[in-house]
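The values are calculated or read from the model by the stated rules, or taken from the named source; none is laboratory data. Treat the numbers as computed from the prediction; the structure is a model and nothing was measured. Note that each Cβ is placed from the backbone with ideal geometry, even for glycine, and that neighbours are counted across all protein chains shown. Surface accessibility is based on the protein's heavy atoms, side chains included, excluding ligands, DNA and RNA. Shrake-Rupley method; radii C 1.70, N 1.55, O 1.52, S 1.80 Å.
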Amino acid sequence: RYNAKGVDINRDFPVLGEILFTNSLNNHKVKNNHLRIPDSYWAREVANETKHFLRWSESYPFVLGANLHAGSLVAVYPFDLGQDPSHLSSYSPTPDDGLYRQLAGTYARAHPTMARCGARVTCDTLNTTCTGGIYNGANWFSVPGTLIDYSYLGTNAMEVALELGCDKFPAPEELSQLWDDNREPLLAYMEQVHTGIKGFVRNNKGLAMPGSSISVHGIRHDVIAAKDGDYWRLLVPGTYTVSAYWKSFEDTKTCTVSTDGPPTTCDFTLHTDRTPDMHQFQREYMPDVDASTSGVAKQYLSCTRATYALAILATILYMIM
């Protein structure tokens, strides 16, 4: 997880959970998604890899993600940050706790040993093989600045952390078996992107409504429509009351998610002749974003193409290691 400067990248992301938990504790109204990164975050030195990842995550409407680790054998889901600062470890659920348990469990059950009761895990005392092979991050130990917490509170993406074994530096002759053990779990996990609801938010003239919010009643975590008004909202099977809204305009529907998929299409129409300014949305909710069609953050305008290419390479390596 450490870069060449010794920065732990998986502790370097904005700690948006503190904002959410503090405001909730004080009964303050607070957004439940796309929380703005506080200015104090940029006052310290942020790793270049983190900056580029933040830029990347803001540039595309990602729906599902995973980051791969070693040091244990378990699928970890958020929150990683405990909601009670007085406890080093305590269960810290998101409003989508059931969904995250399904996502993490999908990976664990497809793995040959992660959820096989009796499988030998020697690297730590956390052996979850008899309890589904999944664990809440903060219930293990509370840590700030992780990617899975940032993804949930700063983007539309749902993300888990996958601990793939005890050996952080497997020998070359072990890589083939490691790939065989994780190929099917990765595919099964990726297929989870097709559960839930999807659709478009348009106005009464058929124009896209980017930046509109999609809210599932009873789950206090909204997602935001992308630039073409399209959205994706992962959900466990069930029947939901779902609203799309922008300012005072709202449309509500009943959407049913089946057990076997595919995702249910739920389109919304907001009866307004006006359309959102996506650049204004970026300025309000995405930190230091220049109002250009590319949405490039001001933090990175001086980066050269070579630096950007290295960042992309680092991202690819991050996804496969």
Check: If you bin the C-alpha pair distances of the stretch 181-244 every 5 Å from 0, what whole percents do you get?
Finding: 4, 17, 22, 18, 15, 11, 7, 4, 1, 0, 0
Item checked: Summed residue charge, Cβ within 13 Å of Glu174's Cβ, Lys/Arg positive, Asp/Glu negative -> -3
Margin query: I need the phi-derived Karplus couplings for the stretch 163-180: 6.51 cos²θ - 1.76 cosθ + 1.60, θ = phi - 60°, integer Hz, Gly and Pro marked x.
Written below: 8, 9, x, 6, 8, 6, 10, x, 5, x, 6, 8, 5, 4, 5, 4, 5, 4
Checklist line | Around Tyr77: net Lys/Arg minus Asp/Glu count, Cβ-Cβ under 10 Å | finding: -3
Check: On full extension of the chain, what length is gained from Ser176 through Leu88, given 0.36 nm per residue of separation minus the C-alpha to C-alpha distance?
Finding: 28.0 nm
Next item on the list: Would you mind checking which residues have amide H under 5 Å from Ala119's amide H? H placed 1.01 Å from N; only 5 or more apart, or other chain.
Entry: none
Next item on the list: Enter the accessible area per residue of the stretch 1-160 (Å², integer; probe 1.4 Å; all protein chains in place).
Entry: 44
Notebook entry, point to check: With labels modelled as points extended 7 Å from the Cα through the Cβ direction, what inter-label distance (nm, one decimal) is found for His217 paired with Asp267?
Noted result: 2.3
Notebook entry, point to check: Where a ≥ b ≥ c are the square roots of the eigenvalues of the C-alpha gyration tensor, would you call the stretch 1-104 rounded, which needs a/c under 1.5, or, failing that, prolate if a/b is larger than b/c, or oblate?
Noted result: rounded
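Would you mind calculating the relative contact order of the stretch 1-71 from Cα pairs under 8 angstrom and at least 6 residues apart, reporting the percent as a whole number?
28
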Margin query: Tell me which of Leu103, Thr113, Phe21 sits at the most positive position along the dipole axis of the stretch 1-127, charges placed on C-beta atoms (Lys, Arg +1; Asp, Glu -1).
Written below: Thr113
Check: How many nm is it between the label spots at Arg11 and Asp230, if each spot is 7 Å from the Cα in line with the beta carbon?
Finding: 3.9
Item checked: Table column - 3J(HN,Hα) (Hz), the stretch 51-63, Karplus curve with 6.51, -1.76, 1.60, x for Gly and Pro -> 4, 5, 5, 4, 4, 4, 5, 8, 8, 9, x, 4, 10
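Taking 0.36 nm per residue of sequence separation and subtracting the Cα-Cα distance, how much length would be gained by fully extending the chain between Trp56 and Leu187, in nm to one decimal? Write down the numbers at each step before the final one.
On the way: separation 131, 0.36 × 131 = 47.16 nm, distance 2.27 nm.
Additional length available on full extension: 44.9 nm.
Would you tally the net charge around Tyr152, using a Cβ to Cβ cut-off of less than 9 Å, leaving Tyr152 out, and scoring K and R as +1, D and E as -1? If you can, show how the numbers build up before the last one.
Details: positive: none; negative: Asp96, Asp149, Glu159.
Around Tyr152, the surrounding residues sum to -3.
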Next item on the list: Write down the Kirkwood hydrodynamic radius of the stretch 54-118, to one decimal in angstroms, obtained as one divided by the mean of 1/r over all alpha carbon pairs.
Entry: 14.1
Check: Can you tell me the accessible area per residue over the stretch 180-239, all protein chains present, probe 1.4 angstrom, in square angstrom?
Finding: 44
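I need the peptides 239-247, 106-114, 150-158 ranked by packing, meaning the mean over residues of other C-beta atoms within 10 angstrom, with the highest value on top. Walk me through the intermediate numbers first.
Working: 239-247: 17.1, 106-114: 21.2, 150-158: 24.3.
With the highest mean Cβ count within 10 Å placed first, the list reads 150-158, 106-114, 239-247.
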Margin query: Ignoring ligands, DNA and RNA, please state the percent of accessible area on the stretch 70-223 from carbon and sulfur, probe 1.4 Å.
Written below: 55
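How much length is gained on full extension from Arg36 to Arg1, taking 0.36 nm per residue of separation minus their Cα-Cα distance? Please report the intermediate quantities before stating the final value.
On the way: separation 35, 0.36 × 35 = 12.60 nm, distance 2.49 nm.
Net length gain for the segment: 10.1 nm.
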